Amino acid sequence: MNDKNKSNRPVGGHGFGPGRGMGMPVERAKNFKGTFNRLLTYLKPLKVKLLLVFLCAVLGTIFSIVSPKILGKAITKLFEGMMLKFQGVSGAQVDFNYIADILIILIGIYLISSVFMYIQQYIMAGVAQNIVYALREQINKKLTRLPLKYYDTRTNGETLSRVTNDIDNISNTLQQGITQLLTSVITIVGVIIMMLTISPLLTLICLVTLPLSFIVTILVAKRSQRYFKDQQKTLGGLNGHVEEMFTGHQIVRAYGREKLSINKFKKINEDLFNSGWKAQFISGVIMPLIFFINNLSYVLICVVGGVLVTKRTIEIGDIQAFIQYARQFGQPISQIASITNIIQSTIASAERVFEVLDEDEIVNNESLQMVEHTKGHVVFEEVEFSYKENETLIKNMNLDVAPGQTVAIVGPTGAGKTTLVNLLMRFYELNGGKITIDGIDISKISHEDLRNIFGMVLQDTWLFSGTIRENIAYGRIGATEAEILNASKAAFADQFIRTLPDGYDTVINEEASNISYGQKQLLTIARAILSNPAILILDEATSSVDTRTEIYIQQAMDVLMEGRTSFVIAHRLSTIRDADLILVMREGKVIEQGTHDELMKQGKFYSDLYNSQFAQNAVAI
Amino acid sequence: MIKLLKTLKVYKLQIVFIILLVFLQSLADLYLPRLMANIIDNGVVKGDINYIIDIGKLMLLVTVGGVICSVFASYFSAKVSSGFGRNTRNKVFTHVENFSLQEFDKIGTASLITRTTNDITQVQNVINMILRMMISAPLMAIGGIIMAVNQDKELSLVLVFVLPILAALIFFVSRKGIPYFNAMQVKLDKLNQVVREQLTGIRVIRSFNRDDYEINRFNTANLDLTDTALKVNRIMAFLMPGMMLIMNIAIVAIVWFGSIRIDNMSMQVGDLMAFIQYAMQIMMSLVMVSFMFVIVPRGAVSAARINEVLEIKPIIKDNELNKESTNDNGVVEFKNVTFSYPGAEKPALNNISFVAKPGETTAIIGGTGSGKTTLINLIPRFYDVSSGNVFVDGIDIREQKQDTLRQKIAYVPQKALLFSGSITENIKYGKETATDEEIQQAAKIAQAYEFISEFDGNFSSKLSQGATNISGGQKQRLSIARAIVRHAKIYLFDDSFSALDYKTDGNLRSALKLELANSTVIIVAQRVSTVMNADQIIVLDNGVIVGSGTHKELMDTCEVYREIVSSQLLKEELA
């Protein structure tokens, strides 16, 4: 649920309707300029297309800017003809030829302008999607090259949000923001120029209102930010409370605290209302105010323009043109006001994406020595390791596991039993010493070759959405149908798979809720059998499997372990006692090692553990 | 959606105000072109500067009036929509708090959370939009049409041609675009799913060397998404230029036909200019209305999800009988209890009968899906039995007040659920009036005292949401302390010791043995070693009791029990 909150950051307001998202606080990038420039490098290869977009935007906008002035000419001509008629000049009439010419030109201009606008958006769609596609591909590839350390120190939700939300945000801005910004600026500049050619005085009147719009927008937006921040904060509190109360519902009920919880909710909700309506109101006022300022200039144009026309300083058509220009003004102004926010949040998103791309990758190298037909002789030589600096976890660890032997790793929950797995698979690098397999240092083998030696069955049974067959076949590329079936049979999974309505073609859904936990384990064992590794890493199920499936799992694991060097994170006493070597772990360290009998004789932690768990005089309440 | 909108009734007055204000504001906006026409037709044509200035003043007044109206409309609509959000949230939350687990299961906790938070916010936003746009757009459109017709009837015929064309364009583009929008959402979900799977399965993927395979999987999804997104954006690229073109051509047509009418002396130039502005306003309103077609369905989906929650009637309610037992020793009795989850084919519990007495420990053991947790959940009445009876102190729990019943029970769930707040507050949750001494005592028994005193803030240390700042074992011990402080008659432990290491587990159980000597203790367990010394062990298999008795008795009589034991202990250790 935490992840969800993180992804709730405001994403650029591209919603429909005017003024949405305006005045909302946005996240800012730490290094705006650097990130911005880096984002530009993605645009570089698409230079030609972008230039085309730019050209189309400029042309499209220019054409749409020119048209009011031309339309004004038609109106002026119309007015002149009318005035003549009005004054009773004989034979006077409206010059229809002239008007028709102008209107035809106008249609042409409108058509061209629309076509340019369409082309521009069409190309931009390609550009934006191209970049986003490349970014996604790049970040995903990067994810496969990041060390596990990266994943262990972050929530999946956080990483996921960077791959999805942040990239989406960038995509939206590229698609709409850039061209919007471009056309807005061109429109404002173009309109000012056009207005100047018609009447400097009227232009001045219009321009007075321009900074006014900006100032009003900025002032109001600033004021609303405070309430938006309050609102965001209380909303966070409210969501937190709902999450807690709903996930802990049975406790709330069992301890009869419904009223308390409701009262607390109502209190937060009231606070939310108080900050919410203020934020809503103040940001909602921006549009009417801009509209008002627009109308002010409209009135001024009508009045001053009217007076000027009577004084014959300008033409009537010029008023018409100015009214249209004033209207064209309003939109780009509010757009530019909101676009700065959008760009801010986009750059912040881009920065988060780049952060991932800049993470240190795992060191990989070609195998210096060939590994073929691994026997599975594993040796730890003076191994030193720590997750964090200056907090040594494993020091001077020595271990010699002969081919085919079983090593049991035991210890209380949270003792760091997965650390050894991490080291064997080279998910983490050693700080000192070395681990060898059949005499070859694992740091001299490529990751691919090393991992081919190992097979892993974890408690956290990972299956992907796909058919059961695909999930088993995951164990080895190019496995035949017969091999899949054999593996499945050896893992005692065949039986239950056949009882499923679609057998091997049963699609496992995302939560894999359509098969039981124990069945999932059998599938992961089948997958490991298929991959036929030389060395095994097993994680025994602690609980939550029904007795019969548990027996199957045990038998399947025994099949799997036969003749292979195995490292077992053990919970079952029989596994522990039969192991060739027991590693006792506590607080991340290997504190004791030896066989069962040796360790019992030592009478330290292991024997305590053993006695307290399995001794006859355990007190049952 | 409409059903939910009924909650707006309390804001009737404000909504009438909003409509009135928006109406006035629309009038003001529509009146301006009319005044402008006057300036031109009466002022400019006659060269009457004073008239122009007078009308200008009037225009200014109208503009100011308009903005005042729209600011107040904005004020009221902010209050109404936020108020709607608040009221609906209160209603939904209060409603959900009275749900039993059965209703929770029906919708799912995660979904209930989004419905109470995001969905309501979504509807609230839509209502705000409706109040601000949907009211004004039609008013502007209708008002614009009236003014246009009023200005010049014949010329309005142009609109009769143009408006359907514009509507058709919007309709066709959205009809072509919306399926792609939906497809895009699906493909985006698919891409997210691939990434999520890659993140959760990172160790497996690496251990099987399937990075390339995963990259391909991602690229396929990525390409698919990009293609669709490209199509959507290219279709939508047509909308704006298309609309602009139609509007502009409409203006050209208006000017042309207007010229003819002016030539006939049926119309003046100012009227024509006003008419152009009305036409623009009408067309813009139409575009606004079409946006509403996009926004409203989004809100409607959320509204439907909220309504679904509100329509659920909690099944478990207090019975009028409210019988109170004369004794409160805490005797729990199951009599022929059968329970099925809604929609399940097989009952989760079948014909269960047993008695758990004070001073005794009743242990329940069995594999997953055997019904252990279900059985425990029936005692505090999280669910109601399908048939049979559960008695507490001789009275069917359905005839007792829920409060009275739960007052007798201290429940420790499988997953230690703690709340954000101090440790004291969390333990106090078990008993509101608990003194500091009681809290410390409870913590000691739960083997939590030691680690609590190691925290900087001691008992006032704050737990984060979900208590992510302490370990699983610590969470379990606090959740046990919370139960102990309650001094209840009945203790229910649902596999509550799983995250404890063996030593702590042992100490805790010895301490509990003393503390709960007079209580009825029912405990669900996975480990045989936990239950071996219980006074009564009940063995569940597929919802049926397949054996009950002491460890020794069961070893002789119960096959399933022996199977469980042999899978966990070595032969020589069996008594």
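Quick rundown of the values:
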| item | result |
| --- | --- |
| Zero-based 20 Å bins, Cα pair distances in the protein assembly as shown, whole percents | 10, 31, 30, 18, 9, 2, 0 |
| Estimated 222 nm signal from helices in chain B, with DSSP H stretches of n ≥ 4 weighted -39500 (n - 2.57), rounded to 500 | -20000 deg cm²/dmol |
| DSSP loop GluC sites (Glu not before Pro) with at most 16 other Cβ within 10 Å: longest gap in chain A | A:28-358 |
| Span-rule helices in chain A, defined as complete DSSP H runs reaching 20 Å or more along the axis (Cα) with Kyte mean at least -1.0 | A:47-86, A:96-145, A:178-198, A:200-247, A:258-310, A:316-357, A:517-531, A:547-561 |
| Reach of residue A:434 by Cα under 23 Å, taken over lysines that are not fewer than 8 positions away in the same chain | A:149, A:375, A:388, A:395, A:417, A:444, A:589 |
| Residue mean of other protein chain beta carbons inside 10 Å, B:226-235 | 5 |
| Phi-based couplings in Hz for the range B:528-540 (Karplus 6.51, -1.76, 1.60; Gly and Pro marked x) | 4, 4, 6, 9, 3, 9, 5, 5, 9, 10, 10, 9, 9 |
| Computed helical MRE - 222 nm, chain A, DSSP H runs ≥ 4 contributing -39500 (n - 2.57), nearest 500 | -21000 deg cm²/dmol |
| Antiparallel DSSP beta bridges within the range A:378-614, as percent of all bridges there, nearest 5 | 55 percent |
| Residue-by-residue Karplus 3J(HN,Hα) for the range B:102-109, coefficients 6.51, -1.76, 1.60, Hz, glycine and proline x | 4, 6, 4, 4, 4, 9, x, 4 |
| Degrees, to the nearest 10: B:157-200 long Cα axis against longest axis of chain B | 30 degrees |
| Orientation-averaged projected area, Cα convex hull of the range B:345-451 (nm²) | 9.3 nm² |
| Distance histogram in 5 Å bins (all Cα pairs of the range B:153-266, percent per bin) | 2, 10, 14, 12, 10, 9, 8, 7, 6, 5, 5, 4, 3, 3, 2, 1, 1, 0 |
| DSSP-defined beta bridges in the range A:426-543 - what % are antiparallel, rounded to 5 | 50 percent |
| Number of partner chain Cβ atoms within 10 Å, mean per residue of A:75-87 | 4 |
| Eligible lysines near residue B:231 by straight Cα distance, threshold 16 Å, same-chain separation 8 or greater | B:176, B:187 |
| Sorted largest first, extent of the range A:378-614 alpha carbons per principal axis (Å) | 53, 43, 32 |
| Residues of type aspartates and glutamates that residue A:85 reaches as a straight line, Cα spacing below 12 Å, ignoring anything fewer than 8 places off in the same chain | A:95, B:263 |
| Debye intensity ratio I(q)/I(0), log10, the range B:336-377, q values 0.31, 0.33, 0.34, 0.35 Å⁻¹ (C-alpha model) | -1.24, -1.29, -1.31, -1.32 |
| Three semi-axes of the equivalent ellipsoid, the range A:200-313, Cα gyration tensor, whole Å, largest first | 55, 11, 8 |
| Exercise: per-residue mean of other protein chain Cβ atoms within 10 Å, B:526-532 | 5 |
| Degrees separating the helix B:269-311 axis from the principal Cα axis of chain B, which is the longest one | 10 degrees |
| Approximate shape of the range B:414-487 as ellipsoid semi-axes (Cα gyration tensor, √5λ), whole Å, largest first | 16, 13, 12 |
| With 10 Å bins from 0: P(r) over the range A:371-495, alpha-carbon pairs, percent | 10, 34, 32, 19, 4, 0 |
| For the range B:388-515, fraction of C-alpha pairs farther apart than 23 Å, in % | 32 percent |
| Ranked B:256, A:277, criterion: other C-beta atoms within 10 Å, fewest first | B:256, A:277 |
| Per residue, the convex hull volume that the Cα atoms of chain B enclose (Å³) | 238 Å³ |
| Neighbour-limited loop hits for GluC sites (Glu not before Pro), the range B:321-423 (at most 10 other Cβ within 10 Å; DSSP other than H, G, I, E, B) | B:345 |
| Compactness of chain A as Cα Rg over 2.2 N^0.38 Å, two decimals | 1.43 |
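Each reported figure results from applying straightforward, stated rules to the coordinates on display, with no laboratory input. Bear in mind that the values here come from a model prediction, so they are computed numbers and not experimental data. All Cβ positions, even for glycine, are placed from backbone atoms using ideal geometry, and neighbour counts span all protein chains on display.
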